[in-house]
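Here, each number is a calculation from the coordinates, and none is a lab measurement. As the structure is a prediction and not an experimental result, all values here were calculated from the model. So basically every Cβ, Gly included, is an ideal-geometry build from the backbone, and we count neighbours across all protein chains shown.
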């Protein structure tokens, strides 16, 4: 098998130079919240390549009551990362599956569209089992090269690309850190992937999408193993570390799922202190992102409060890796409130990413893919936050 390489020399960018990361230490455990009955989905269409409905994606997350958090300043400051999740490569349950039937890759046309709107960051999900068919095995050449082509194109345009296995801290159905998928398997995968972009400062590594239904201590151990493996390659790329319980900002300090992220994640360590903690937040009744009805105009700021407070108290940095709202006035107000909160708290939050884009979504309620040459309504809401 031919060697896969996507190495690019770093280029100076104001985007990355403004990102600070801090050393943290954490260890915790959190089983699922017994007070909720939501089952996680896979953030993908219920039928491969068909338009997803609001009830089939994204995944459910436990809900806890939000708390208020007053920003330290009223200034609406720019944050370095502003962009979108580009989905498609992770769709479908078939392994390896067939491109164009079970899954599809985002396109360079989509990247150009979002760049034209002022976005500068793309989170690209993929399925771990397609990229690495067997534990400790080589990366699949064809699948990896197609992801790599998107990275090369976006980074050549000056954008940041966040790569993430959209696997919910699982590999072939078993959680990382378990006897079936020991930490060494997870570390091996990330060591192989990191080596492909070891000198490209435009690329960030998002360890997984939304760990859940596992002890938080288990997830922290797995995360630390992956971080160590990445750094042993010589990589200095930014690493994004999500929390347990679908990494909900609203539940960051909750103990409904076991040891809170606010306790456990303080044991996450990076020898070069270049990590961002990643939280997700939706604004429907149970924070699941399965409804286009937002609970209120200020639900976003309320639900972000626990995460913001934790970051500031511990002198850490974070990013909101998924947010969305439906096509209605209540959600437009809620999205504006959430984005205003993120920009106002730019001392601890480095940015935000909309869920989601990519041609495979068709008419999904949160998609930003243009239709008939026209922007989706939510783009007008995001537009003021995409200006320098």
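For the stretch 251-353, compute Rg over Rh where Rg is the Cα radius of gyration and Rh is the Kirkwood radius from the inverse mean 1/r over Cα pairs.
Working: Rg = 14.0 Å, Rh = 14.2 Å.
For the stretch 251-353, the value is 0.99.
Based on other C-beta atoms within 10 Å, arrange 227, 198 from fewest to most. Numbers along the way, then the final one.
Numbers: 227 23, 198 17.
Ranking 227, 198 by Cβ neighbours within 10 Å, fewest first, gives 198, 227.
Less than 14 Å from a label point 7 Å out along the Cα-to-Cβ axis of residue 184: which backbone N atoms in the stretch 216-245 qualify, by residue?
Nothing falls inside the zone, counting backbone N under 14 Å.
I'd like the FRET efficiency for residue 347 and residue 228, computed as 1/(1 + (r/R0)^6) with the beta carbon distance as r and R0 of 35 Å, rounded to 0.05.
Details: r = 29 Å, r/R0 = 0.82.
Efficiency, rounded to the nearest 0.05: 0.75.
Taking the number of other C-beta atoms within 10 Å as the exposure measure, put 303, 77, 376, 157 in order starting with the fewest. Can you show the working numbers first?
Numbers: 303 29, 77 11, 376 18, 157 14.
Placing the least packed residue first, the sequence is 77, 157, 376, 303.
Tell me, what is the FRET efficiency for residue 386 and residue 133 to the nearest 0.05, using R0 = 35 angstrom and their Cβ-Cβ distance as r?
On the way: r = 39 Å, r/R0 = 1.10.
So the FRET efficiency works out to roughly 0.35.
Could the peptides 211-219, 340-348, 137-145, 267-275 be put in order, highest first, of the mean number of other beta-carbon atoms found within 10 Å of their residues? Mind showing how you got there, number by number?
On the way: 211-219: 24.6, 340-348: 21.0, 137-145: 15.7, 267-275: 17.8.
Averaged packing, sorted descending, gives the order 211-219, 340-348, 267-275, 137-145.
Note down the Stokes-Einstein diffusion coefficient of the stretch 226-310 in µm²/s, whole number, using a Kirkwood radius over alpha carbon pairs, 4 °C, and 1.567 mPa s. Write down the numbers at each step before the final one.
Values: Rh = 14.2 Å.
D, rounded to a whole number, is 91 µm²/s.
Given a Förster distance of 35 Å, report the FRET efficiency between residue 107 and residue 199 from their Cβ-Cβ distance, rounded to the nearest 0.05. Before the final figure, lay out the partial values.
Numbers: r = 26 Å, r/R0 = 0.75.
E(calc), rounded to 0.05, equals 0.85.
Please report the base-10 log of the normalised intensity I(q)/I(0) for the stretch 165-307, using a Debye sum with one equal scatterer per alpha carbon and no solvent, at each q in 0.11, 0.13, 0.19 (1/Å).
-0.42, -0.58, -1.09
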